[in-house]
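Chemist: My questions will all concern the structure given below.
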């Protein structure tokens with residue numbers, strides 16, 4: 001299977017951590033993509049094989065012999081159900097819905113991260129500081145919500161926890177440590193979780209430029 005990646009994307013990191021936690025990395029070819037900073041507002045050039053794999057031009061993209069999945073959510077679902085024996089999220093019952101409730105908040109943070117980043121890549125004359133502020137407020141509000149949930153996190157490093165840890169890591173890497181002030185218990189949990197081999201192997205870095 002071929003997985004298109006970039007080191008900066010939290011959506012990619014979420015998938016890569018899941019793969020490492022399942023111990024199935026040898027089943028994938030990881031293909032590095034390059035992106036101009038113009039991606040925030042313009043269509044940018046890409047390799048033909050990448051465009052064929054993902055007409056929406058979104059990463060990660062997973063190409064299998066039978067089909068292509070073009071977003072993190074569907075890829076993680078595939079990893080969990082088809083390759084992971086539902087080890088990253090149970091397939092039914094109250095535990096599943098609780099995990100999805102936590103994960104939806106963490107995904108909201110990541111969505112705000114990307115929207116904020118795109119806006120900051122605009123020139124200052126085009127940028128909306130109000131919008132940047134709105135996304136920052138969403139991130140901090142969601143971190144505060146997860147602060148109230150972290151005591152219920154289970155022992156297993158499941159997909160909800162993976163997504164939460166990736167959100168924490170990207171926030172610190174890209175935007176700083178202000179979030180720790182609204183979520184100190186979550187921050188302590190993250191500092192422990194960040195020592196996992198899967199997290200250390202996928203620490204974010206800037207994407208190679210075209």
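Taken together, the values in this text are just the output of simple stated rules run on the coordinates, not laboratory data. On a predicted model such as this, the values are computed, not experimentally measured, just so you know. In this analysis, Cβ positions are derived from the backbone assuming ideal geometry, glycine residues included, and neighbour counts consider all displayed protein chains.
Chemist: Using only helices, what value at 222 nm comes out for the chain when you add -39,500 (n - 2.57) per DSSP H run of length 4 or more and divide by the total residues, to the nearest 500 deg cm²/dmol? Before the final figure, lay out each step's value.
Modeler: Numbers: 9 runs with 102 residues, N = 210.
After summing the helix terms and dividing by the residues of the chain, the value is -15000 deg cm²/dmol.
Chemist: Counting other C-beta atoms within 10 Å, which of 186, 51 has the fewest, and how do the rest follow? Display every interim value, and only then the final one.
Modeler: Details: 186 26, 51 12.
In increasing order of surrounding Cβ atoms, one gets 51, 186.
Chemist: Could you put 159, 79 in order, starting from the residue whose Cβ has the fewest other Cβ atoms within 10 Å?
Modeler: Ordered by Cβ neighbours within 10 Å, fewest first: 79, 159.
Chemist: While we're here: Quick one: work out the % antiparallel among DSSP beta bridges in the chain, nearest 5.
Modeler: 55
Chemist: Which FRET efficiency value, to the nearest 0.05, do you get for residue 29 and residue 123 by plugging their Cβ-Cβ distance into 1/(1 + (r/R0)^6) with R0 = 41 Å? Walk me through the numbers before you get to the answer.
Modeler: On the way: r = 37 Å, r/R0 = 0.91.
Approximately 0.65, to the nearest 0.05.
Chemist: Within a 10 angstrom radius of the beta carbon, how do 158, 191, 26 rank from fewest other beta carbons to most?
Modeler: Working: 158 23, 191 12, 26 6.
Ordered by Cβ neighbours within 10 Å, fewest first: 26, 191, 158.
Chemist: Given (1) 30, 19, 17; (2) 25, 25, 14; (3) 36, 19, 15 as candidate values of semi-axes √(5λ) of the Cα gyration tensor in Å, which corresponds to the one derived from the coordinates?
Modeler: Given (1) 30, 19, 17; (2) 25, 25, 14; (3) 36, 19, 15, the structure-derived one carries the label (2).
Chemist: Label point 7 Å out from residue 148 along Cα-to-Cβ: which residues of the range 161-197 have amide N under 20 Å?
Modeler: 161, 164-165, 168, 179-190
Chemist: Sticking with this one: If I take every Cα pair under 8 Å that is 6 or more residues apart in the range 2-83, average their sequence separation and divide by the length, what percent do I get for the relative contact order?
Modeler: 36
Chemist: If you count the DSSP beta bridges with both ends in the range 2-83, what percent of them are antiparallel, to the nearest 5?
Modeler: Of the beta bridges lying entirely in the range 2-83, close to 55 percent run antiparallel.
Chemist: Then there's this: Taking the Cβ-Cβ separation of residue 185 and residue 104 as r and a Förster radius of 25 Å, what is the calculated FRET efficiency to the nearest 0.05?
Modeler: 0.80
Chemist: Say each of residue 194 and residue 38 gets a label point 7 Å from the Cα, pointing the same way as Cα to Cβ; how far apart are those two points in nm?
Modeler: Distance between the two pseudo-spin positions: 3.5 nm.
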